[in-house]
1. Can you compute 3J(HN,Hα) from phi for each residue in segment 67-74, using the Karplus curve 6.51 cos²θ - 1.76 cosθ + 1.60 with θ = phi - 60°, rounded to whole Hz and x for Gly and Pro?
2. Among the chymotrypsin sites (Phe, Trp or Tyr not before Pro) within segment 33-103, which fall in a DSSP loop and have no more than 12 other Cβ atoms within 10 Å of their own Cβ?
3. Quick one: pull the percent of accessible area on the chain belonging to carbon and sulfur, 1.4 Å probe, ligands and nucleic acids left out.
4. Using the beta-carbon distance between Ala58 and Thr12 and R0 = 41 Å, what value does 1/(1 + (r/R0)^6) give for FRET efficiency, to the nearest 0.05?
5. Looking at Pro61, Pro26, Ser103, which one has the Cα that reaches farthest to the positive end of the dipole of the chain (charges on Cβ: Lys, Arg +1; Asp, Glu -1)?
6. Given the C-alpha atoms of segment 16-110, compute the convex hull and give its volume per residue in Å³.
7. Please work out the average accessible area per residue across the chain, using the 1.4 Å probe convention, and give it in Å².
8. Could you tell me the center-to-center distance, by alpha carbons, between segment 66-105 and segment 27-42 in angstrom?
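The values are calculated or read from the model by the stated rules, or taken from the named source; none is laboratory data. Just so it is clear, the model here is predicted, and its values are computed rather than measured. Glycine gets a Cβ as well: all are built from the backbone with ideal geometry, and neighbour counts include every protein chain shown. Keep in mind that these areas ignore ligands, DNA and RNA; they rest on the heavy atoms of the full protein, side chains included. Shrake-Rupley method; radii C 1.70, N 1.55, O 1.52, S 1.80 Å.
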Amino acid sequence: MSHTRYQTVPMTEAVEYDVVVLGAGPTGENMADRLRAGGLSTAVVESELVGGECSYWACMPSKALLRPVIARAEARRVPGLRQAAEGPLDTDAVLAHRDEYASHWKDGGQ
């Protein structure tokens, strides 16, 4: 298992790396992990959140928004559950579920 050390380097200090990965989306994360596992010193440059669009703006949040709608539709097809699934979705709860999936837009866990 590779151990990663994170550091912020002031712009005035010159540091040399074997590889610089631009972007810490899923591809950049995997590339940096494999490069480090291969023994190369690696820097990752990211202007937003580590994990990229899928984790914070696209895949995960959209799936979290769609899941309650799909689950309710499925529940309405099940005898004995149909009545419990009537009525509108709780929008605040659905959005809170999305926020949880997106780690409240904090990338410390990535």
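1. Here the 3J(HN,Hα) series is 4, x, 5, 5, 4, 5, 4, 5 Hz.
2. Numbers: sites: Tyr56, Trp57, Tyr101; in loops: Trp57.
Taking segment 33-103 and a limit of 12 other Cβ atoms within 10 Å, no loop chymotrypsin sites (Phe, Trp or Tyr not before Pro) are found.
3. 56
4. Details: r = 36 Å, r/R0 = 0.87.
The computed FRET efficiency comes out at 0.70.
5. Going by the charge dipole, the pick is Pro61.
6. 112
7. On the way: 8310 Å² over 110 residues.
Ligands and nucleic acids excluded, the figure is 76 Å² per residue.
8. 39
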